[in-house]
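Worksheet for the structure shown next.
The values are calculated or read from the model by the stated rules, or taken from the named source; none is laboratory data. The model shown is predicted, which means the values in this text are computed figures rather than measured ones. Positions of Cβ are backbone-derived with ideal geometry, glycine not excepted, and every protein chain shown enters the neighbour counts. Calculation scope for accessible area: heavy atoms of the full protein, side chains included, ligands and nucleic acids excluded. Shrake-Rupley method; radii C 1.70, N 1.55, O 1.52, S 1.80 Å.
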Amino acid sequence: GVNQTYDLPFNFPCFTTHPLSPTTTFGSLNENERHAMIQTMRTKIKAELASAQPDLVHVHHGWIMGAMVAETRVPYVVSLHGTEHHGYSQYPAYRTLALAAIQNARAIMALTEKEKANAVETYKIPEKRVTVIPNGIDTRVFQPLAVDKRAVLDNYRIPRADHDQPIVFFASKLAPHKGVDILLRAARIYSELAEKPITLIAGDGEVRGAMELMARAMNLERVYFIGNQNQTEMVALYNLAEVCVLPSTFDYFPLAPLEALAC
């Protein structure tokens, strides 16, 4: 249902669009909205820290939240995920806060060596302050499993005629940079192979409608958009797929390839 109690009269912003906030990015907020969001976040974070009195705070992203924690003098560490680098380059109104968040952290963690190099160059921090700690997943959850293919495909209303075909699987938010259009152009080629593969596209986001229209315009009858899936459903789908794809035009360290490999 729709949230009936809220602090701000607009959707939460993200670095790029998000399935639960399909039109609101940090760049789409006007100046008044930006100030309202920052002040609300400042009030909430300071109240929470005063209540919890933590010894250390772990902040995800070198962004607004870290700057709010820095104002409280509570020690904190920052995990960089790469998307804050996108935000820093695309949304200059937030740069002062982003720099405060990163430069005042007791320790900084990056997912990859490239992100570490980006951070050192962009935020002017010493290389020795950044430690690379790659993403991880729970291999007790994401693992090879025997799955009833017919039952799973019936659940998504895939026609029985397509149940014996190989599966190409895509899982991500449906944002422009995730390359769903590239996948559809590839599907036009591989769907004509003798094996007649089907394509399952899991996820949601701002380009879903456009991509569904593109698939229809290209007469891609074996491409199915199945929407957001929970963790259990994702494990089954990974295990059914002959191949998983993520044709992003840019990305940082997405979890989907790790999850697919583990399955």
(message) With the requirement that a residue be in a helix (DSSP H, G or I), in contact (Cβ under 8 Å) with a residue 60 or more places away in the chain and open to solvent by less than 10 Å² (accessible area, probe 1.4 Å), what does the stretch 64-99 give you?
(response) E84, G87, Y94
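If the requirement is being open to solvent by 70 Å² or more (accessible area, probe 1.4 Å), in a helix (DSSP H, G or I) and among the hydroxyl-bearing types (S, T, Y), which of these qualifies: T5, T23, T43?
Values: T5 fails: in a helix (DSSP H, G or I); T23 fails: in a helix (DSSP H, G or I).
Answer to the selection: T43.
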(request) Just give me the residues in the stretch 227-263 being part of a loop (DSSP other than H, G, I, E, B), within 18 Å of A146 (Cβ to Cβ) and open to solvent by 50 Å² or more (accessible area, probe 1.4 Å), in sequence order. (result) E242
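In this structure, is A36 open to solvent by 30 Å² or more (accessible area, probe 1.4 Å), farther than 30 Å from A210 by Cα and among the small types (G, A, S)? Before you say what the answer is, go through the steps one by one.
Values: open to solvent by 30 Å² or more (accessible area, probe 1.4 Å): yes; farther than 30 Å from A210 by Cα: yes; among the small types (G, A, S): yes.
It is true that A36 is open to solvent by 30 Å² or more (accessible area, probe 1.4 Å), farther than 30 Å from A210 by Cα and among the small types (G, A, S).
For A171, state whether it is open to solvent by less than 30 Å² (accessible area, probe 1.4 Å), over 13 Å from S248 (Cβ atoms) and hydrophobic (A, V, I, L, M, F, W, C).
Values: open to solvent by less than 30 Å² (accessible area, probe 1.4 Å): yes; over 13 Å from S248 (Cβ atoms): no; hydrophobic (A, V, I, L, M, F, W, C): yes.
When the stated conditions are applied, A171 does not pass them.
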(request) Within the stretch 102-152, count every residue that is within 20 Å of the chain's Cα centre (by Cα) and charged (D, E, K, R). (result) 5
(message) Among (1) more than 25 Å from T16 (Cβ to Cβ); (2) modelled with pLDDT under 95; (3) within 18 Å of the chain's Cα centre (by Cα), there is one condition D251 misses while meeting the rest; what is its number?
(response) (1)
(request) Give the residue that is surrounded by the most Cβ atoms within 10 Å (Cβ to Cβ), with candidates limited to residues of the stretch 182-226 that are within 26 Å of the chain's Cα centre (by Cα) and among the hydroxyl-bearing types (S, T, Y). (result) T199
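Collect the residues in the stretch 144-153 that are open to solvent by less than 60 Å² (accessible area, probe 1.4 Å) and either farther than 21 Å from A262 by Cα or out of contact with any helix residue (DSSP H, G or I) (no Cβ under 6 Å at 6 or more places or on another chain) (or both), keeping them in residue-number order. Working first, answer last.
Narrowing the stretch 144-153 to residues open to solvent by less than 60 Å² (accessible area, probe 1.4 Å): 147, 149, 151-153.
Those that are open to solvent by less than 60 Å² (accessible area, probe 1.4 Å) and either farther than 21 Å from A262 by Cα or out of contact with any helix residue (DSSP H, G or I) (no Cβ under 6 Å at 6 or more places or on another chain) (or both): A151, L153.
Does G179 meet the test of being under 25 Å from L258 (Cα atoms), in contact (Cβ under 8 Å) with a residue 24 or more places away in the chain and surrounded by fewer than 13 Cβ atoms within 10 Å (Cβ to Cβ)?
Details: under 25 Å from L258 (Cα atoms): yes; in contact (Cβ under 8 Å) with a residue 24 or more places away in the chain: yes; surrounded by fewer than 13 Cβ atoms within 10 Å (Cβ to Cβ): no.
Against the criterion (under 25 Å from L258 (Cα atoms), in contact (Cβ under 8 Å) with a residue 24 or more places away in the chain and surrounded by fewer than 13 Cβ atoms within 10 Å (Cβ to Cβ)), G179 does not qualify.
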(message) Where the second residue is open to solvent by 60 Å² or more (accessible area, probe 1.4 Å) and the first is free of Cβ contacts under 8 Å to residues at least 12 places away in the same chain and lies in the stretch 118-140, which pairs have Cβ atoms under 7 Å and are six or more apart or on separate chains?
(response) V120/E127
(request) Could you look through the stretch 119-143, keep only residues that are closer than 16 Å to S79 by Cα and among the charged types (D, E, K, R), and pick out the one that is surrounded by the most Cβ atoms within 10 Å (Cβ to Cβ)? (result) R129
(message) So the check is Cβ under 9 Å with 6+ separation or different chains; which pairs have a first residue in the stretch 225-253 that's on the phi > 0 side of the Ramachandran plot and a second one that's in a helix (DSSP H, G or I)?
(response) G227/R208
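Is it true that some residue in the stretch 49-63 is open to solvent by less than 30 Å² (accessible area, probe 1.4 Å) and either touching an Asp or Glu at 6+ places or on another chain (Cβ under 9 Å) or modelled with pLDDT under 95 (or both)? Walk me through it before giving the result.
Residues of the stretch 49-63 that are open to solvent by less than 30 Å² (accessible area, probe 1.4 Å), as a first pass: 49, 57, 59, 62-63.
With the extra rule that they be either touching an Asp or Glu at 6+ places or on another chain (Cβ under 9 Å) or modelled with pLDDT under 95 (or both), the set shrinks to 62-63.
Scanning the stretch 49-63 turns up at least one residue that is open to solvent by less than 30 Å² (accessible area, probe 1.4 Å) and either touching an Asp or Glu at 6+ places or on another chain (Cβ under 9 Å) or modelled with pLDDT under 95 (or both).
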